[in-house]
Each structure stands twice: as structure tokens, then as C-alpha cells.
Amino acid sequence: MEFITHTWHWSISGFIIGLVMLALIYFGKVFGMSSNLRSLCSMTGIGKRVSFFDWDWKSQRWNLVVVLGAMIGGYVATHYLSDASNVTINPATIQKLQKIGIDAPNSKLLPDAIFGSDVFHSPQKILLLIIGGILIGFGSRYAGGCTSGHAISGLSNFQLPSLKAVIGFFIGGLIMVNFIFPLIF
């Protein structure tokens, strides 16, 4: 059981992701999480009024199963397969977090100050969640996919637009963490 609950080496995880991508390429499928929102909206019948949602969502049922599996897998991993003793964070990162008012995660990957349920008691944090959600939704639609779609599926298919999108994701992430995040908290 220890093998499952502890962090896997990147080469094992990467190899498994590579096998999944080879299978998807073999079967002619393209992976991406954000495309499921389009499928869900199309299922409601809104495609009769909005042409963007007028498409064959049934051809993407397999991708909806991937989302369901990711949610179930995340729940099982968090509640039954996680071991807090193997989470180590660089002391320099903990010091930087403390400088902006975020306590050490205490053997958790996600600090409660950002990801705890108390975030819903602050109007400022609720507004940040709403704005962040809108920006992520707009950005993934504008980029033609989300980070998982471009970084995993698009790069494995050698798509130049995916390479450009992934570079943009990293630049945006660096700007957010180093410049905008300290202003917010």
C-alpha cells in the first residue's frame, strides 16, 4: 500500500501518461478537459440557439467518462490513498508564503488560507474566485483548449499551436505568481 500512497517518480507517471496518449492517438481521439464544457452545454440543446454548441456531443461521450473518472479518482486518492507524511515543501517556499500571510500547509499540498472552506466567508475571495473562473474559461476557449489538452495531447501530437499555448501558460503563471499574487494577498 505504501507504493500507492507515496509520491510516484516522474518517470513512472510520465510513462503511464505516454501510454495513454499512444492509445488515444491510435484510436484517433484528442484529450482535453475544457472541451467537456462544450459537450455539456450541447447536451442541453442550446445548440439550436448558439451555433458554437451545435455539434455531435455523443462522439465525445468517452471524454465525459474521463472527467467522471478524474473526479472519482481524485476523491479516492484524497480520502483513501493520501499520506500527509510524504509532503515536503521547500523551506524557502514556506518563508515566502509566510511573508504574504499564508501559513505553512502543515503536511498538505494546498494551504487552508487559499483552498480552505473559509474562502467563502470573504467577499473579496469570492470575487477573486469568480473573476479567476471567468478568466480561465475565456482563456481556455481563446487558446483552443486547456493546459491538459495542449500540454499533454497537443504536444504529444507535435502541434505548434499547442507549443505556443503552453509557453503562454507558463509565462502567465510566472507573472501571476511573482507579480499579481503578492498584490492580492
In degrees from 0 to 90, rounded to the nearest 10, what is the angle of the helix 61-80 Cα long axis to the longest principal axis of the chain? 20 degrees
Roll a 1.4 angstrom probe over the protein heavy atoms and tell me the percent of accessible area of the chain that is carbon or sulfur. 70 percent
Dividing the convex hull volume of the Cα atoms of the chain by its residue count, what figure in Å³ per residue is obtained? 166 Å³
Using θ = phi - 60° and the Karplus curve 6.51 cos²θ - 1.76 cosθ + 1.60, what whole-Hz ³J(HN,Hα) does each residue of the stretch 14-26 get, with Gly and Pro shown as x? x, 5, 5, 4, x, 5, 4, 5, 4, 5, 5, 5, 4
With Cβ to Cβ distances under 15 Å as the rule, what net charge do the other residues near residue 55 carry (K, R +1; D, E -1)? +4
For the stretch 51-185, what is the accessible area per residue in Å² when the probe is 1.4 Å? 72 Å²
Excluding residues fewer than 8 places away in the same chain, name every one of the lysines whose C-alpha is closer than 19 Å to that of residue 96. 108
Straight-line reach check, residue 48, cutoff 20 Å on alpha carbons, 8 or more apart in-chain or any other chain, hits among lysines -> 58
Hey, what do the phi angles of the stretch 143-153 turn into as Karplus ³J(HN,Hα) couplings, whole Hz, using 6.51/-1.76/1.60 and θ = phi - 60°, x for Gly and Pro? 7, x, x, 9, 4, 5, x, 6, 6, 8, 7
For the chain, take the longest principal axis of its alpha carbons; what is the angle in degrees between that and the long axis of helix 123-142, to the nearest 10 within 0 to 90? 40 degrees
Would you mind putting 23-31, 9-17 in packing order, based on average other-beta-carbon counts within 10 Å, highest first? 23-31, 9-17
Angle, helix 160-175 long axis vs. longest principal axis of the chain, Cα atoms, 0 to 90°, nearest 10? 20 degrees
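The values are calculated or read from the model by the stated rules, or taken from the named source; none is laboratory data. Keep in mind that this is a model prediction, so the values were computed, not measured. Don't worry about glycine lacking a Cβ; one is built from the backbone with ideal geometry, like all the others, and counts go over all protein chains shown. The accessibility values were calculated without ligands, DNA or RNA, using every heavy atom of the protein model including side chains. Shrake-Rupley method; radii C 1.70, N 1.55, O 1.52, S 1.80 Å.
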